[in-house]
Amino acid sequence: MVSKAVLPVAGLGTRFLPVTKSVPKELLPVVDTPALQLLIEECARCGLDDVLLVTAMGKSSMEDHFDRRLDLEAELDAKGKQEELALVRGLAELARIHSTRQGETLGLGHAVLQAKGHVAADESFAVLLGDDIVDPGSDYLERMVAVHERTGRPVVALLEVDERHAGLYGIASVEPGERPGEHLITATVEKPDPAEAPSNLAVVGRYVLPGSVFGVLEDLPPGRGGEIQLTDALGRMAAEEPIVGLVLDVPRYDTGDKLGYLQANVELALRRPDLASPLVEWLRELIERVDSGALDVAGPDDA
Ligand code: G1P
């Protein structure tokens with residue numbers, strides 16, 4: 001049974017400066033909920049109740065978010081704000097949150113390797129990347145775990161991407177899988193030159209891995225960008241025996257990218273009964289103002 005999740009969250013978030021100077025990017029809200037909370041709720045939904053944050057200096061507010069906050073609880077209780085009280089208390093009950101420090105940030109593979117010891121060599125675990133928000137409420141991760149339990153193979157999320165963007169992702173070489181939506185991955189390459197990408201299928205943000213990956217990671221030389229790459233470890237495992245790619249069939253947002261972050265906020269706000277209708281109305285008006293020239297919109301060359 002898979003019960004542990006590892007979340008590499010040590011990055012400095014430089015693409016989101018200045019806010020990330022003092023706020024971990026994983027705590028930036030999607031509507032009103034930190035991205036990290038969405039990830040841990042996703043874990044909790046499929047029984048992953050032991051979460052290891054691989055974190056860094058200056059980011060301890062991430063752990064605080066999931067701790068009890070007795071002064072706030074007392075205040076909410078005294079004011080009869082029961083709904084808010086339940087919300088705040090519930091955060092501490094989502095999962096058992098552990099943390100370890102990555103120290104030097106030597107790559108995603110190096111971050112995952114920090115879970116060695118917390119996760120046993122004969123235990124399988126999930127890895128969720130903080131920049132990838134998978135449709136909250138979907139059972140996608142649960143299905144990945146089920147595929148892993150059925151096949152005994154590592155399972156990764158696969159997303160069809162524009163071929164021109166292959167250089168942003170780990171890209172998989174695939175053969176047909178056993179069931180619809182599944183591919184067998186025979187090789188992986190981290191951020192290839194688009195002209196040399198073996199496919200347009202990117203490995204994104206969700207992995208269910210056996211503990212034997214630690215031994216593979218320990219043995220890896222630095223890869224792309226001089227970093228220890230998880231994609232290289234997947235490639236080595238796939239060369240021994242194909243691993244499974246489960247096509248992502250639910251919306252996914254890249255909140256590490258400013259446009260992706262804004263899209264996540266708008267689309268997920270549209271799922272809120274209190275926000276959906278006024279937001280749609282405002283979006284319609286906004287587009288009209290843009291189209292009629294009433295709103296000044298920056299051009300691509302405006303600095
Ligand atoms: C990481 C991984 C890459 C993966 C991507 C998207 O890259 O190294 O293989 O495709 O996440 O989930 P990053 O975006 O952190 O540079």
Revision key, fill the gap. Total charge of the residues flanking L12 in space, meaning their Cβ is under 12 Å from its Cβ, with Lys and Arg +1 and Asp and Glu -1, is +3
Check your understanding: Taking Cα atoms of the stretch 1-155, Rg/Rh with Kirkwood Rh, to two decimals?
Key -> 0.99
Review point. Based solely on its DSSP helices, what 222 nm [θ] is calculated for the chain when runs of n ≥ 4 H residues each add -39,500 (n - 2.57) and the sum is averaged over all residues, nearest 500 deg cm²/dmol?
Key: -9500 deg cm²/dmol
**Study point:** Local net charge near L52, Cβ-Cβ under 11 Å (Lys/Arg +1, Asp/Glu -1)
**Key:** +2
Practice item. Take the alpha-carbon centre of the stretch 228-286, take the same for the stretch 104-150, and report the distance between them in whole Å. Key: 16 Å
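Take the eigenvalues of the Cα gyration tensor for the stretch 68-111, scale each by 5, and report the square roots as semi-axes in whole Å, largest first.
They are 35, 10, 8 Å, listed largest first.
If the viscosity is 1.306 mPa s and the temperature 10 °C, what Stokes-Einstein diffusion coefficient in µm²/s follows for the stretch 233-303 when Rh is the Kirkwood radius over Cα pairs?
99 µm²/s
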Point to revise | Residue-span extension gain [D67 to D257] - 0.36 nm each, minus C-alpha spacing | key: 65.6 nm
Check your understanding: When the distances between all Cα atoms of the chain are binned every 20 Å from zero, what whole-number percent does each bin get?
Key -> 30, 56, 14, 0
Study note, to complete from the structure: Per the rule of 0.36 nm per residue minus the C-alpha distance, extending M1 to L286 adds in nm 97.7 nm
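Coordinate-derived values only; no laboratory data. Since the model is a prediction, treat every value here as computed from it, not as a measurement. Reconstructed Cβ throughout: ideal geometry from the backbone, glycine too, with neighbour counts over all protein chains shown.
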